[in-house]
Amino acid sequence: MGFMTGKRVFIAGIASNRSIAYGIAKAMHREGAELAFSYPNERMKSRVEKVATELGSDIVLELDAGSDDSIKQCFADLGKTWDGLDVMIHSIGFAPKEELEGSIVDNTTREGSSIAHDISTYSFLAMAKYAKPLMKGRENPSMLTLSYLGAVASIPNYNVMGMAKASLEAGVRFMAADLGPEGIRVNCISAGPIRTLAAMGIKGFRGMLDVFAGTAPLRRNVTIEEVGNAAAFLCSDLASGITAEIMYVDGGFNTVGMMLDSGSDS
Ligand code: NAD
Ligand code: 0WE
């Protein structure tokens with residue numbers, strides 16, 4: 001029997017079968033969880049429906065992370081189908097493309113910064129607000145979001161997304177403190193770079209994957225399957241003592257201070 005048998009999991013952030021959220025959904029499905037999914041707009045609906053069908057679910061709801069009404073409606077609808085919720089997954093990140101290149105000082109706009117923080121950061125808190133009542137009385141409920149090293153260290157071009165991720169990680173700690181007394185755990189996975197839709201079109205992404213693989217203690221990139229397995233653990237009863245955690249699934253990259261002779265092991 002899988003270690004998530006009986007868990008009801010809501011997953012926001014599937015855009016394709018390369019999405020980190022798809023890796024999470026697959027791992028949780030394998031471990032026996034029941035899944036529900038969201039899509040951001042009509043254009044994405046059929047893609048998400050396809051994934052839901054593949055993973056044995058027919059619960060597919062609209063959730064636009066930029067709209068309180070949409071988030072509220074989504075969890076209201078979820079509550080009509082499910083009488084409770086064990087796990088909420090937030091795998092959403094967005095900044096206008098022009099914000100993610102060159103000089104952060106020259107290129108960041110008030111509007112771009114606001115969008116990045118609204119969609120990537122505030123939305124986790126907003127979703128928590130409406131997921132929380134559904135988690136009342138459940139065993140070991142938890143929430144999980146996805147971050148990146150740019151939250152704590154400068155990375156070329158990640159720019160205002162790094163500021164949004166720093167705020168997201170702080171949010172995880174404040175939300176864990178707030179919801180802990182009600183038994184709700186709040187955690188975060190900081191994943192290494194993975195070629196997903198959100199990574200496509202980022203200038204020099206291929207090069208970043210190569211530098212990463214040459215530097216990380218494991219000397220390779222990480223996969224959505226590996227992130228999915230860590231997520232399944234963190235959201236299962238196996239992790240009942242873990243909250244406010246930022247868990248790195250990055251082959252150890254974040255711990256390397258310096259290398260001699262990058263990429264070769266001589
Ligand atoms: P992805 O493009 O597959 O997923 C991003 C998701 O955000 C999409 O499903 C998209 O629909 C959703 N989204 C964007 N705007 C939205 C809105 N207004 N309302 C609802 N949903 C919206 O890419 P991914 O890499 O799987 O990204 C998932 C998360 O993982 C993001 O938070 C990202 O920052 C984080 N992350 C990605 C990497 C990487 O290298 N790919 C590394 C670390 C962390
Ligand atoms: O969090 C992310 C993805 C962030 C992202 C990507 C896009 C591309 C398309 C947010 N918004 C948009 N908006 C778009 O229009 N990652 C961790 C992946 C990523 O993105 C980078 C990276 C890495 C790694 C951007 C610059 C530098 C490194």
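The values are calculated or read from the model by the stated rules, or taken from the named source; none is laboratory data. Please read all numbers here as calculations on a predicted model, not as lab measurements. Cβ coordinates were reconstructed from backbone atoms using ideal geometry, including for glycine residues, and neighbour counts include every protein chain displayed. Surface areas here come from the heavy atoms of the whole protein model, side chains and all, with no ligands, DNA or RNA. Shrake-Rupley method; radii C 1.70, N 1.55, O 1.52, S 1.80 Å.
What the table shows:
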| read-out | value |
| --- | --- |
| Chain lengthening between residue 98 and residue 17 when straightened (0.36 nm per residue, less Cα-Cα) | 26.6 nm |
| Residue 256 - accessible surface, heavy atoms, 1.4 Å probe, Å² rounded to 10 | 50 Å² |
| Karplus (6.51, -1.76, 1.60) ³J(HN,Hα), θ = phi - 60°, over the range 87-96, in Hz, Gly and Pro reported as x | 9, 10, 10, 10, 10, 10, x, 7, 9, x |
| Hz values of 3J(HN,Hα) by residue in the range 73-84 - Karplus curve (6.51, -1.76, 1.60), Gly and Pro given as x | 4, 4, 6, 5, 5, 4, x, 6, 8, 10, 7, x |
| Rotationally averaged projected area of the chain (alpha carbon convex hull; nm²) | 14.5 nm² |
| Size descriptor, Kirkwood hydrodynamic radius, that averages inverse alpha-carbon separations across the range 108-152, Å | 12.6 Å |
| Stretchable slack from residue 49 to residue 68, in nm (0.36 nm times residue separation minus alpha-carbon distance) | 4.6 nm |
| Simple spin-label estimate for residue 170 and residue 218 in nanometres, 7 Å along Cα-Cβ | 3.0 nm |
| Accessible heavy-atom area order of 80, 45, highest first, probe of 1.4 Å | 80, 45 |
| Computed accessible area, residue 98, all protein chains, 1.4 angstrom probe, square angstrom | 120 Å² |
| Integer Hz, Karplus 6.51/-1.76/1.60 couplings in order for the range 126-135, x for Gly and Pro | 5, 5, 4, 3, 8, 6, 3, x, 6, 8 |
| Pairs from 72/132; 26/136; 45/72; 72/136; 26/97; 50/165 whose Cα-Cα separation, in the structure shown, is over 22 Å | 26/136; 26/97; 50/165 |
| Residue 250 long-range amide H proximity, modeled H, under 5 Å | 192 |
| Solvent-accessible surface ranking, highest first, for 127, 1 at 1.4 angstrom | 1, 127 |
| Point-charge dipole on Cβ atoms (K/R +1, D/E -1) for the range 52-153, about Cα centre, debye to 20 | 460 debye |
| Relative contact order (%) - the chain, alpha-carbon pairs under 8 angstrom, separation at least six | 20 percent |
| With DNA, RNA and ligands ignored, accessible area of residue 123 (1.4 Å probe; Å², nearest 10) | 0 Å² |
| Overall form of the range 7-98 per C-alpha gyration tensor (a/c, 1.5; a/b vs b/c) | oblate |
| Order of exposure, largest accessible area first, which applies to 90, 117 with probe 1.4 Å | 117, 90 |
